[in-house]
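Read the figures in this text as sums done on the coordinates, not as results from a lab. Predicted model, so just to flag it, every value in this text is computed and none were measured. Positions of Cβ are generated from backbone atoms using ideal geometry, with glycine treated the same way; all protein chains shown enter the neighbour counts.
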Amino acid sequence: MPQPLCSAHANASDGTRTRHDLSVATAACAALSAGVSVNMRTMRVYLVGGAVRDRLLGLPVRERDWVVVGTTAEELVRLGYEPVGREFPVFLHPVTHEEYALARQERKVGPGYRGFTTQFAPTVTLEEDLRRRDLTINAMAEDENGALIDPYGGKADLAARRLRHVSEAFVEDPVRILRVARFAARFAGLGFRVADETLALMRRIVAAGEARTLVPERIWQETERALAEAHPQVFFETLRACGALTVIFPEINALFGVPQPPRWHPEIDTGVHVMLALTYAAARAAPVAVRFAVLTHDLGKAQTPRADWPSHHRHEEFGVPLIEDLCERLKVPNSHRELAILAARQHTLVHRALELKPATVLTLLEKCDAFRRPERFAELLLACEADARGRTGREDAPYPQVAYLGQALDAAAAVTLSESERRGLEGAEIGEEIRRRRLAAVAAVKARATPEAAP
Ligand code: ATP
Ligand code: MG
């Protein structure tokens, strides 16, 4: 009788047990009501991956991934799971819609992250499935009683704050380079570091040319997520440490070793500066588009002839085609690209805002399309502030440019022409009159902000 089984499980309400039982029970209900027999003895469901890791870390669990052992895709479909995996059999639970994957084993047969054969026999054990995972801290499972299954020492590595590969099979998938760098960026604040032996394997993957097989979509997907993490600079530093940065982001890699004038940049090295700026942007909880703009604002400095070092004349313009190429290559969203190009072009002018003539300030606002897109202009200013403060010893330096340009924009945007003032003016003259008034408004802001500079 299907009914008692379903309600018995649904009514159980004792903590973790309920959570796990429910998934199997609701699926069983679906199958039973469809009149299909279910082999409930062999099929087992385990919570795996980030949910287990994050719970042990005391962090909120954002999503739950499950692995199913001892069954087949056909049986899961019969149980009402919806198959969704393109490359692997992944299923959505009929009620919770959480992801359930069949336990699998992988064998490397060709280059790149698609070069696998995968085995999904119901005989694949949980340990075998966990073994092909990337990091030990991601290779723990929890059974239906909430007991931890940790064959590769994930819990000890959590305690030691160590990002360590599970097995030598780690080298078979170059995506893991990106993932490890991303986890390093996420957990750096908790003191996590990539284990030396794992970094050595990452180097081996790169040396074997495997990083070149990463597809642009995946690189951007991981990069975008890494940019959103608490310590995005660690993502790029980790990629650099294993040699992947030069393959994946050659234009960022090229910034390391390029000197800047110590007077403005006590940290001297352009790559170091960009990492500091990114650190600042993340500390300010800047949106990802701002972080991307910060990452790319100085790309042009790698183009400066050595003879001209440490100055970087026209690096603003030189950076633009590099940003365009990078965005084209990785299919970076347009909105990110636009802000990045704006920041590359305008950051030096924004830094000099308080020295600029009112007419130059107004032109800057116009070039930035600030009247129509004030939010994006604010993002540009935040990127510029990150640039200014991403310098050794300048982290807390005042950056009055933000408030000043904000006031200039507000004052200029508030300018209006009344009906009677418009009367007698031809089309183009209206625009000219508005611009004259905007200029006067900016000049008034400047006079207030820098009274000593007044004529
Ligand atoms: P998040 O909190 O970002 O979701 P997660 O660890 O759950 O972190 P997912 O991308 O959801 O990461 O993947 C779930 C699990 O699948 C991981 O914990 C890991 O065990 C495994 N995994 C995912 N991608 C790979 C990969 N490329 N190589 C090996 N294992 C992987
Ligand atoms: Mg996950």
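On a 0 to 90° scale, report how tilted helix 315-330 is relative to the longest principal axis of the chain, with both axes built from alpha carbons and the result rounded to the nearest 10.
20
Let me have the relative contact order for the chain, percent, based on Cα pairs under 8 Å that are six or more residues apart.
Over the chain, the number comes to 9 percent.
Could you order the peptides 375-381, 412-418, 169-175 from most to least packed, using the average number of other C-beta atoms within 10 Å per residue?
169-175, 375-381, 412-418
Taking 25 Å as R0, compute the FRET efficiency from the Cβ-Cβ separation of Asp325 and Gln221 and round it to 0.05.
The formula returns an efficiency of 0.85 here.
Which aspartates and glutamates have a Cα lying under 12 Å from the Cα of Lys331, excluding residues fewer than 8 positions away in the same chain?
Output for Lys331: Glu217, Glu224.
Based on the alpha carbons, how large is the Rg to Rh ratio for region 357-455 when Rh follows Kirkwood? Spell out each step's value before the answer.
On the way: Rg = 15.9 Å, Rh = 14.9 Å.
Radius of gyration relative to Kirkwood radius: 1.07.
Note down the net charge around Thr392, summing +1 for each Lys or Arg and -1 for each Asp or Glu among other residues with Cβ under 14 Å from its Cβ.
-1
So if we plug the beta-carbon distance of Arg62 and Ser420 into 1/(1 + (r/R0)^6) with R0 = 51 Å, what FRET efficiency do we get, rounded to 0.05?
Taking R0 as 51 Å, the efficiency between Arg62 and Ser420 is 0.30.
May I ask for the angle, rounded to the nearest 10°, between helix 175-187 and the longest principal axis of the chain, with both axes built from Cα atoms and the value confined to 0 to 90°?
Its long axis makes an angle of about 70 degrees.
Based on the alpha carbons, how large is the Rg to Rh ratio for region 218-369 when Rh follows Kirkwood?
That ratio is 0.96, to two decimals.
Could you give the length gained on full extension between Ala160 and Asn145, defined as 0.36 nm per residue of separation minus the Cα-Cα distance, in nm?
2.8 nm
Compute the long axis of helix 270-283 from its Cα atoms, compare it with the longest principal axis of the Cα atoms of the chain, and write down the angle in degrees, 0 to 90, nearest 10.
Once rounded, one gets 70 degrees.
Using a basic spin-label model with each label point 7 Å from the Cα along Cα→Cβ, how many nm lie between Arg284 and Glu429?
The two pseudo-label positions are separated by 4.4 nm.
Going by amide H atoms built from the backbone, whose H comes under 5 Å of the H on Val90, apart from near neighbours?
Residues meeting the criterion, in which the H sits 1.01 Å from N, are Val84, Gly85.
Sum up the charges of everything whose Cβ sits under 10 Å from the Cβ of Ala228, counting Lys and Arg as +1 and Asp and Glu as -1, but leave Ala228 out. Let's see the in-between values first.
Working: positive: Arg182, Arg186, Arg225, Arg291; negative: Glu224, Glu229.
Combined, the nearby Lys, Arg, Asp and Glu give +2.
Percent of Cα-Cα pairs more than 36 Å apart in the chain, please.
45
222 nm [θ] for the chain, helices only, -39500 (n - 2.57) per DSSP H run of 4+, per residue, to 500?
-15500 deg cm²/dmol, from helical runs alone.
Kindly put His336, His97 in sequence by how many other C-beta atoms sit within 10 Å of each C-beta, fewest to most. Working shown, then result.
On the way: His336 22, His97 9.
Listed from fewest to most nearby Cβ atoms, that is His97, His336.
Within the chain, what percent of beta bridges assigned by DSSP are antiparallel, to the nearest 5?
Details: 20 of 26 bridges.
Roughly 75 percent of the beta bridges in the chain run antiparallel, per DSSP.
Take the Cβ-Cβ distance between Arg86 and Glu317 as r, set R0 to 51 Å, and report the resulting FRET efficiency rounded to the nearest 0.05. Working shown, then result.
On the way: r = 42 Å, r/R0 = 0.83.
Working from the Cβ atoms, E equals 0.75.
Could you put Glu74, Glu385 in order, starting from the residue whose Cβ has the fewest other Cβ atoms within 10 Å? Show your work: numbers first, answer last.
Details: Glu74 8, Glu385 24.
Result, fewest neighbours first: Glu74, Glu385.
Report the gain in length on full extension from Ala403 to Thr348: 0.36 nm times residue separation, minus Cα-Cα distance, nm rounded to one decimal.
Taking 0.36 nm per residue and subtracting the Cα distance, the gain is 18.2 nm.
Cut-off is 10 Å between beta-carbons; in what order do Thr42, Thr96 appear when sorted fewest neighbours first?
Fewest-to-most ranking of Thr42, Thr96: Thr42, Thr96.
By a straight-distance test (C-alpha under 14 Å), which aspartates and glutamates pair with Lys446 as possible cross-link partners, with residues fewer than eight away in the same chain excluded?
Cross-link targets: Glu355, Asp410.
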